[in-house]
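One structure is given here, and the rest of the page talks about it.
The values are calculated or read from the model by the stated rules, or taken from the named source; none is laboratory data. This structure is a prediction, so every number in the text was calculated from the model and none was measured. Backbone-built Cβ (ideal geometry, glycine too); neighbour counts: all protein chains shown. Remember, those area values only see protein heavy atoms, side chains included, never the ligands or the DNA or RNA. Shrake-Rupley method; radii C 1.70, N 1.55, O 1.52, S 1.80 Å.
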Amino acid sequence: VQLQASGGGLVQAGGSLRLSCAAAGRAFSTITMGWFRQAPGKEREFVSAISRRGGKDGYADSVKGRFTITKDNVKNTLYLQMNSLEPEDTAIYYCAATSRLYTDLHQPASWDFWGQGTLVTVSS
C-alpha cells in the first residue's frame with residue numbers, strides 16, 4: 001500500500017485544517033487506516049483510527065471532540081478534519097494503514113504502511 005499525505009500548513013490557534021491521505025495498491029475497504037503525529041523531540045503518538053468500512057473510529061484523548069477522521073472508500077482517501085487547533089497540535093502528521101486484526105492500534109508497531117508525513121504548525 002502506498003500512502004500520500006497532504007494538507008498540512010501554518011494556521012493560527014483556533015483555526016482548522018483538513019489533512020488527506022491518498023492510498024493505492026490495495027482495496028481501501030480491506031485495511032484499517034489511521035493518523036499519528038510526531039512533535040520535535042517526542043515519540044510518534046496515536047491520533048485517530050478508523051475501521052475498514054468506516055463504521056467505527058477512535059481518538060486520542062488530546063484530540064477528542066476537535067478532530068474527526070473519515071474515509072472515502074470510493075476515492076481511496078483518508079481524511080482528518082482538525083478544528084480548534086492548539087499550539088500543542090504542532091507536529092508532523094503521518095497516515096498509516098494496517099491489515100492486522102486484533103492488534104493495539106495505539107502502537108506504531110501495529111501499523112504496516114506509512115505515508116511520508118505532512119507538517120502542521122499552529123501558532124499562538
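Please tell me if ILE50 is touching a Leu at 6+ places or on another chain (Cβ under 6 Å), open to solvent by less than 20 Å² (accessible area, probe 1.4 Å), free of Cβ contacts under 8 Å to residues at least 40 places away in the same chain and not small (Gly, Ala, Ser).
no
Just one of VAL74, VAL47, VAL63 is in a loop (DSSP other than H, G, I, E, B) and under 29 Å from SER124 (Cβ atoms); which is it?
None of the others qualify; the one that does is VAL63.
Assuming THR103 fulfils every condition listed in (1) modelled with pLDDT of 95 or more; (2) of a type in the set (Val, Ile, Thr); (3) in contact with a helix residue (DSSP H, G or I) (Cβ under 7 Å, 6 or more places away or on another chain) apart from one, which condition is it?
(1)
Restricting the search to region 79-104, which residues are under 12 Å from THR32 (Cβ atoms) and within 12 Å of the chain's Cα centre (by Cα)?
Within region 79-104, CYS95, ALA96, ALA97 qualify.
Of all residues in region 1-45, count the ones that are within 25 Å of TYR102 (Cβ to Cβ), surrounded by fewer than 17 Cβ atoms within 10 Å (Cβ to Cβ) and more than 12 Å from the chain's Cα centre (by Cα).
Going through region 1-45 one residue at a time, the tally reaches 6.
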